[in-house]
1. So, with a 1.4 angstrom probe, what is the percent of accessible area on the chain that is carbon and sulfur?
2. Are any of the pairs Lys510/Lys722; Lys355/Lys430; Lys430/Lys642; Lys456/Lys626; Lys238/Lys350; Lys149/Lys295 more than 30 Å apart by Cα-Cα distance, and if so, which?
3. So for the stretch 674-760, averaging the separation of alpha carbon pairs under 8 Å that are six or more residues apart and normalising by length, what relative contact order in percent results?
4. Explain nothing, just the number: relative contact order of the chain, from Cα pairs under 8 Å at least 6 residues apart, as a whole percent.
5. Do any of Lys475/Lys694; Lys154/Lys254; Lys501/Lys630 go past 31 Å between their Cα atoms, and which?
6. Mind giving me the FRET efficiency for Leu600 and Ala574? R0 is 22 Å, r the Cβ-Cβ distance, nearest 0.05 is fine.
7. Suppose the chain between Glu504 and Asp705 were pulled fully straight at 0.36 nm per residue; how much longer would it get relative to their current alpha carbon spacing?
8. Quickly work out the Lys726-to-Ser245 label distance, labels modelled 7 Å from Cα along the C-beta direction, and quote it in nm with one decimal.
Amino acid sequence: MNKRNSFVAITLSLVVLAACTSEQRFASPVQESGLITHVDPYIGSADHGHVFVGASVPFGAVQAGPNNFHKGWDWCSGYHYSDSIIKGFTQTHLNGTGCADLGDVLIMPYTGDVKLYKGTQQHPDSGYASRYSHDEEIARLAYYTVMLKDHNVKVELTATERVAFHKYTFPKNKPAHIIIDVREGNATEDKIDAYCFLQKVNDSTLIGFRNVNSWARDRRVYFAIRSNIPFEEFAMYKGYTKTDSTSMQADTVKGLISFKQAPKEVMLKVGLSSVSGEKALANILEEIKDWDFNKTVEQSNDKWNNALACMKAESKNEAQKRIFYTALYHTMITPSLYNDHDGSYRGTDKNVYEKAPFTNYTTFSLWDTYRAYHPLMSIIQPDKVNDFVNSMLAIYQQQRKLPIWHLHARETDCMVGYSAVNVIADAYLKGFRGFDTTLALEAMKASSTRDDMGVKYLKELGYIPSDKENEAVAKAMEYALADWGIAQVAKQQGREDDYKKYAERALYYKKYFDANTKFMRGIDSKTKKFVEPFDPFKSIHRQNDYTEGNAWQYTWLVPQDVEGLINLFGSDQAFITKLDSLFVVTGDMGEHASADISGLIGMYAHGNEPVHHVAYLYPFAGEQWKTAEKVRQICSQFYTDKNTGLCGNEDCGQMSAWYLISALGFYQVNPSNGVYVFGTPLFDKITLNIGHEKTFTVVANNNSDKNIYIQSVKLNGADYNKSYIKYADIMKGGTLEFTMGDQPNKEFGKAPENRPKSAL
């Protein structure tokens with residue numbers, strides 16, 4: 001062979017190898033087909049996306065996946081793409097949060113000498129941790145696998161709703177071990193405060209619990225582990241001290257399964273429960289009745305395909321479809337199931353509720369998800385809305401307030417506002433009635449009349465003083481928004497006194513508006529004047545008037561009364577001029593600015609939630625075309641199909657929900673009024689399965705990267721001049737047809753009668 005032919009052959013071989021590597025990354029032990037082939041779970045796993053990487057089923061209690069050593073904020077999910085060391089595989093993970101927790105029941109297979117210490121990032125060889133490479137790692141929706149390089153052990157994971165299924169392939173002729181570290185979790189070593197229990201039931205079954213104080217205090221998870229082959233040896237350790245016990249409770253409990261000669265394969269089923277180890281074992285027996293690992297993968301793939309079928313997006317651009325369906329996947333990891341197969345669960349009050357009449361959920365990141373996630377779910381997952389609300393009402397009955405940021409029956413009290421009110425009000429005002437509506441209003445009122453988090457000042461003074469309460473402006477703005485929802489629910493229930501009271505409170509936001517600077521500002525209780533000095537750019541993390549933001553971002557947090565906000569500015573044009581400036585102005589936010597302020601266009605910060613509605617405010621002032629420009633820029637700039645494809649925390653589906661609902665061409669600005677304001681559709685066609693065998697289709701004629709402006713609209717074949725659509729019209733089914741162009745139609749939606757309304 002001559003040199004030229006040799007060079008060509010080598011080049012072709014490298015191309016083939018590269019292609020195989022690319023295909024292998026998306027491979028699984030079973031043939032994949034359907035919508036799941038468009039999903040890449042690595043999107044958002046780098047930078048600050050904090051997404052979960054591992055195996056799960058839609059809305060499942062289990063998220064089985066790898067854990068790196070926790071090294072700070074970007075490891076909130078337990079995994080970050082930049083890492084190269086795995087300390088073990090845990091059964092629960094958060095998805096895209098800004099705080100770290102979970103990482104329950106760490107299990108790690110390894111070979112060689114007995115090691116009870118996990119090692120360190122710098123010296124993994126000092127323990128059972130292992131190096132790994134992304135070249136030998138595959139992440140799919142219901143399947144995850146990686147080769148542990150230091151032990152030559154192949155790990156495969158899949159999951160059902162309440163059971164993680166592990167499969168380990170060991171090398172020949174080596175001692176093999178599987179450590180179960182009950183204490184270990186997703187936190188730095190000095191932040192783990194746990195009390196553990198482990199019991200050997202027989203030579204192939206273990207049960208236990210992990211009671212941990214982390215972000216969520218006094219959280220308890222019960223588990224059961226079953227092996228497909230009997231344990232050759234099993235030892236229990238208190239810390240690093242071996243005992244003869246087969247049952248142990250202590251701060252640090254470890255179980256070690258050992259084989260003198262590694263079996264080729266070991267499989268474990270790990271069931272979870274909030275009630276007991278016995279219930280966890282029952283969940284295993286109900287959900288995975290055999291040891292056919294590939295069958296479980298296939299069944300879980302089917303669950304994902306069925307779930308993703310709620311939205312069918314048509315595009316010739318595969319990268320765009322990958323972004324879309326990965327975003328849809330990210331909206332189905334949480335809220336997560338929090339009951340056993342028989343319906344039982346442990347409540348916030350620590351009591352066990354047997355066979356609950358609703359499906360109980362947990363992991364409610366409500367300050368984030370009330371904005372886009374829940375309005376989207378009311379369209380594409382309407383069968384889950386009543387269960388979400390019933391879960392929140394049960395939490396209210398158990399802790400006497402609605403959830404704020406609820407995790408595994410524990411209240412973290414994270415973030416500001418009583419945001420569950422927005423979700424419940426939205427459900428009620430959209431006609432959902434699968435919950436106790438009287439209890440719902442009671443719960444909303446109770447949460448809005450507490451004495452903590454500044455509400456006491458709101459009741460007594462009519463505002464929250466900056467010198468008495470941190471984050472005063474942010475809290476007051478969130479409360480006013482939620483109070484609007486309470487007022488509308490009270491009105492529909494004929495509670496006139498409540499309606500008047502909360503309608504008045506919904507307008508309290510006006511007290512913070514400074515007509516001179518045109519910003520929402522803090523008020524000092526002693527002077528009764530705005531706090532000085534004032535810098536609209538400064539954002540001191542959680543220690544000033546705003547929460548993870550500054551005055552530029554919080555001035556627009558009035559989605560319940562955009563018309564009122566426009567009046568405060570003085571005119572449509574003054575409002576638009578200030579809004580335009582948000583997207584271009586730059587300034588020093590200070591050395592203590594929150595890391596959440598990311599995804600910047602001027603001072604618009606798409607990486608954090610308070611501004612997620614802001615690009616959709618232009619139609620309220622008659623300039624819908626500007627929303628089209630901003631939304632297209634945000635979508636193209638901050639959503640990609642790379643592992644860096646999210647500009648901020650995923651926040652339990654909110655970041656992805658914003659993209660999905662914007663891709664349809666609209667967004668619910670007021671989170672509780674069912675009015676979806678037009679932006680710009682991203683796809684040629686999206687069909688929604690909205691339940692009851694009905695569909696709603698969004699078509700964009702002449703759609704392209706340049707043709708971003710709405711020229712005209714038809715609804716079910718008839719001309720449609722409004723720059724919004726109501727929830728009720730979507731849920732009737734039908735077709736919304738946009739005709740797009742490369743120049744703004746500045747008359748579309750300009751007339752006052754065609755503009756969206758904040759009120760119902």
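1. Details: 13060 of 26890 Å².
Percent of accessible area from carbon and sulfur atoms in the chain: 49.
2. Values: Lys510/Lys722 28 Å; Lys355/Lys430 28 Å; Lys430/Lys642 37 Å; Lys456/Lys626 40 Å; Lys238/Lys350 27 Å; Lys149/Lys295 27 Å.
In this structure, Lys430/Lys642; Lys456/Lys626 exceed 30 Å between Cα atoms.
3. Relative contact order comes out at 36 percent.
4. Working: 1846 pairs, mean separation 85.8, N = 760.
Contact order relative to length: 11 percent.
5. Values: Lys475/Lys694 40 Å; Lys154/Lys254 22 Å; Lys501/Lys630 37 Å.
As for pairs spanning more than 31 Å Cα to Cα, those are Lys475/Lys694; Lys501/Lys630.
6. Numbers: r = 24 Å, r/R0 = 1.09.
Step by step, r from the Cβ atoms, then E = 0.35.
7. On the way: separation 201, 0.36 × 201 = 72.36 nm, distance 4.44 nm.
The Glu504-Asp705 span can extend by a further 67.9 nm.
8. A separation of 6.4 nm, rounded to one decimal place.
The values are calculated or read from the model by the stated rules, or taken from the named source; none is laboratory data. Source: prediction; values computed, not measured. Cβ: placed from backbone, ideal geometry, glycine included. Neighbour counts: every protein chain shown. Just the protein is used for accessible areas: all its heavy atoms, side chains included, with ligands, DNA and RNA removed. Shrake-Rupley method; radii C 1.70, N 1.55, O 1.52, S 1.80 Å.
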